[in-house]
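Below is one structure, written out as structure tokens; comments come after it.
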Amino acid sequence: MNAATDLRTTKARRRAARWQDGRHQREEGPFRRIRGIATAFVALTIFALDTLTPISSAIAVLYVLVLVAVSDRMSRAELWWLCSGCATLTLASFFIDHTLTGDLAATLRLAISVVAIVTTTCLLERNLEARQRYQAQALLLDTTTDAIVLRDMAGRVLLWNRGAERLYGRGRDSMMGVVHHDLLGSGFAVPFTMIEQALEQNSAWDGEIQQSGSDGEVLTVASRWTLQCDPQGMPWAVLETSTDVTAKKAVEQALNQSEKRYRSIFETLAVAVLEYDFSAVGAVLADGRRGALPDVARHLAPDAELLAEVRRHICVVNANPTALALMGLACREHFLESYCDFLPFDDETLRSCLGALETGGTVFEHETSTSGPEGVALTLNIALHFPPAGEPLDRVQCSMVDLTEHRRMADDLARTRSDLEHAMRVTTIGEVSATIAHEVNQPLAAILTYAEAAQRWLGRGPEHRSKAVAALQEVANAAGHAGDIVRGVRRLLSRSSREDLPIPIDDMISDAIRLVRREILESRVNPTLDLAAMDAIVFGDRLLLQQSIINLVINALQAMQGTPDPREFRLSSRVEDRQVLITVGDTGPGFSDDIIEEAMNAFASTRHGGMGLGLAICRSAVEAHGGKVRIMNGAKGGAIVILELPTAA
Amino acid sequence: MSKDTAPIVVERVPKRIAIVDDDRSVRSAMNSLVQSLGYAGQAFSGGRALLTVGVQNFDLILSDLQMPQMSGLELLAEVRDVAPQLPFLMMTADPEVHVRRRALALGVQAFLEKPCNIETLVHLIEEAIGLPEEWI
């Protein structure tokens, strides 16, 4: 550093010291009194010299020394009082020594002295004003929360305000003369030379700086630099005003990340999301809150035109790719052009929506139908998510879940269930078709045969009449039996509502067993029938329950086909806790672990080639009677199916 | 008429038909029918019962195919062991091919669909054993 720089630095320090320490340090208490006494003593001494000594010179000019000596501790008023006092003493001394002599020289000295005192006072007053301005500035410097640093052109700190102390955690004394950018490890977004060039060209620069705090944390400050030049235009310092924006930056970063996350979710969400601008609606609601429209929903109710106007002001401002796909469009701009006014709410729904918004609702959900791509009807669940009250309504999110497929599947499911139920019944018949065909065929054969026999007995003469009559009676019996079977099959195949009649359980089981007696006998198994439900009655459809029993029996028989002896089939009934328990067991392979959970569902079969409807039919039938079906494997193997039915009270 | 000459007694003896069916109404009806035709019918609930009585006592066997314990096919096989020429009519609805083939191999005269056409039945019975009675 050369001598010129040193000189400039020294001057700069003085200026800075004046700038920072220009506060008027007024003494208080005893010091003030001592100083006053001393001032009075000096002034009186000068007066004594001027009055009592024969020195013929302007002694009174020495009052200037008094003024200069104490002016930095005085207010303006005190300064002028002192000035008046000094002038008075000067005049008093002149009148005492020279009143009667008419000495011109003395008079001139008097005039010089008074002019000197007054001139000095004026100068001191200006100095005092300047100092007071400095004081105000210094006060401002310490009051502001910004960090204000004045540094010389070599980077050394000349001024370090309280804000800087607070921000960097470093005291003024420790920082004076220090190159603070080195100490704080200042990091700039651009090379420092570029900043210096900007300062030189524009006398100012602003930007963000990364700096270290006292405990090592990284601070981000927004800094504004101003070049300070002397009257000759020579730069002597840089005033740096810095604001801590660390928290703000963190918030901004968090906001940015949040926005990015939202955008990412918005773009990738599998749910269609639109953003609506409800600002105009918000204005209407605001009017309503101000009293013009006390209840928007009610107000809009009779006014279709106003509602239409509100609808016109609601527009789509953004749509995510799923929404575009939903409406069969690939381009967002095209979507916003085509569906700007997309709001599939009828007037009533729109009123409800506005009412929800007015009453502070945050979500309005509605299921609606609209036209999708190529006019395909869409069923949508629309949920509008309103921001909290008072926040702008320019980005109201609207999620749309396409329920079309769901609804279609639900309809299909309902239809399939109905078809399945029907199929179950038909399949039940199919599964026992051999038995039913046999049962129907037998009385038919008997009818034909008896009828023919009756004819022939009659043809052989009156003596055979009784045999003809007996044969005809058998015809009637067989026809009645066939009719019972046909009615039962027809009811089973129909989808009409089930009967609700008292059913003696053991009687019903016996009937069912009679129907599959043939299958039981042909399967060559050892059947065990243990019916102990006694007089237990269940209300319901006898035929349906009978078919359930038949299904279980046939399942059991089929499960034991090809299995080694002994092949045992057990069917029992008993009553427990007002429940009839009908148990069907076999010694077949039983339920495998992987199918035991599914065995009750349709189309789950343990039997090769089986449709798996048997148990499903049972479950439907039993559940229709308020009961349930339990399945398990026996302790010694084989499957066990238990039907639980509530008995009649 | 000489005393030494014993008079020749000519007796009309009805031909005997065994009816085998597990269904009571069917076998009863068939029995009534064959009796109305003039034959002597006897109904059996199963093949085992017929075999116990003996098939030689009958001129024709009319049997159901599907029966528990012993099917019509099994009964036919048993009958063929003791009476290879005994007429045998099988009552069934649409028998499976292998059953039909096996029954034909064992010498079944015909299949009758249930419920059977009475005229066909009468025709088949008469074709198999002739008129209901024979002179002895």
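The values are calculated or read from the model by the stated rules, or taken from the named source; none is laboratory data. Everything quoted here is computed from the prediction, not taken from an experiment. Quick reminder, even Gly has a Cβ in these numbers, built from the backbone with ideal geometry, and neighbours come from all protein chains shown. Side chains included, ligands, DNA and RNA excluded: accessible areas come from the protein's heavy atoms. Shrake-Rupley method; radii C 1.70, N 1.55, O 1.52, S 1.80 Å.
Couple of notes before you dig in:
- Qualifying residue in segment A:48-62 (condition: surrounded by 15 or more Cβ atoms within 10 Å (Cβ to Cβ), at pLDDT 90 or above and in contact with an Asp or Glu (Cβ under 9 Å, 6 or more places away or on another chain)): no
- Residue count, segment B:68-85 (criterion: of a type outside the set (Gly, Ala, Ser), outside any helix (DSSP H, G or I) and away from chain A (no Cβ under 14 Å)): 2
- Among the residues of segment A:606-634, those identified as modelled with pLDDT of 85 or more, farther than 22 Å from A:Asp506 by Cβ and either assigned to a helix (DSSP H, G or I) or open to solvent by 20 Å² or more (accessible area, probe 1.4 Å) (or both) are A:Ile631, A:Met632, A:Asn633.
- Residues of segment A:456-484 satisfying the condition of being facing chain B (nearest Cβ under 8 Å) and not small (Gly, Ala, Ser): A:Arg456, A:Trp457, A:Arg460, A:His464, A:Lys467, A:Glu474, A:Asn477, A:His481
- Residues being open to solvent by less than 80 Å² (accessible area, probe 1.4 Å) and outside any helix (DSSP H, G or I) - total across segment A:444-466: 1
- Top-ranked residue of segment A:89-107 - restricted to ones that are loosely packed, with under 14 Cβ neighbours inside 10 Å and in a loop (DSSP other than H, G, I, E, B), ranked as modelled with the lowest pLDDT: A:Leu100
- Considering only residues in segment A:20-47 that are open to solvent by less than 40 Å² (accessible area, probe 1.4 Å) and polar (S, T, N, Q), the one that is modelled with the lowest pLDDT turns out to be A:Gln20.
- When segment B:102-136 is filtered for residues that are open to solvent by 40 Å² or more (accessible area, probe 1.4 Å) and closer than 21 Å to B:Val82 by Cα, the ones remaining, listed by number, are B:Arg102, B:Leu104, B:Ala105, B:Gln109.
- From the options A:Leu128, A:Leu110, residue that is in contact with a helix residue (DSSP H, G or I) (Cβ under 8 Å, 6 or more places away or on another chain), of a type in the set (A, V, I, L, M, F, W, C) and open to solvent by less than 20 Å² (accessible area, probe 1.4 Å): A:Leu128
- Residue in segment A:137-147 that is assigned to a strand (DSSP E or B) and open to solvent by less than 20 Å² (accessible area, probe 1.4 Å) present: yes
- Unique residue being away from every other protein chain (no Cβ under 14 Å), modelled with pLDDT of 80 or more and out of contact with any strand residue (DSSP E or B) (no Cβ under 7 Å at 6 or more places or on another chain) when the list is A:Val538, A:Val575: A:Val575
- Put simply, of A:Leu150, A:Leu184, A:Leu227 the only residue that is surrounded by 12 or more Cβ atoms within 10 Å (Cβ to Cβ), touching a Phe, Trp or Tyr at 6+ places or on another chain (Cβ under 8 Å) and closer than 25 Å to A:Ala136 by Cα is A:Leu150.
- Conditions (1) modelled with pLDDT under 80; (2) of a type outside the set (S, T, N, Q); (3) assigned to a helix (DSSP H, G or I): number failed by A:Gly390: (3)
- Remark: pairs (first residue in segment A:508-537, in a loop (DSSP other than H, G, I, E, B); second residue of a type in the set (Lys, Arg) and open to solvent by less than 50 Å² (accessible area, probe 1.4 Å); Cβ separation under 8 Å; 6+ apart in sequence or on different chains) = A:Ser523/A:Arg567; A:Arg524/A:Arg567; A:Val525/A:Arg567.
- Within the span defined as segment B:35-57, one or more residues are more than 11 Å from the chain's Cα centre (by Cα), within 14 Å of chain A (Cβ to nearest Cβ), under 23 Å from A:Arg465 (Cα atoms) and touching a residue at least 24 places away in the same chain (Cβ under 8 Å).
- Any hit, segment A:64-72, residues being over 20 Å from A:Arg32 (Cα atoms) and either without any contact (Cβ under 8 Å) to a residue 12 or more places away in the chain or open to solvent by 60 Å² or more (accessible area, probe 1.4 Å) (or both): no
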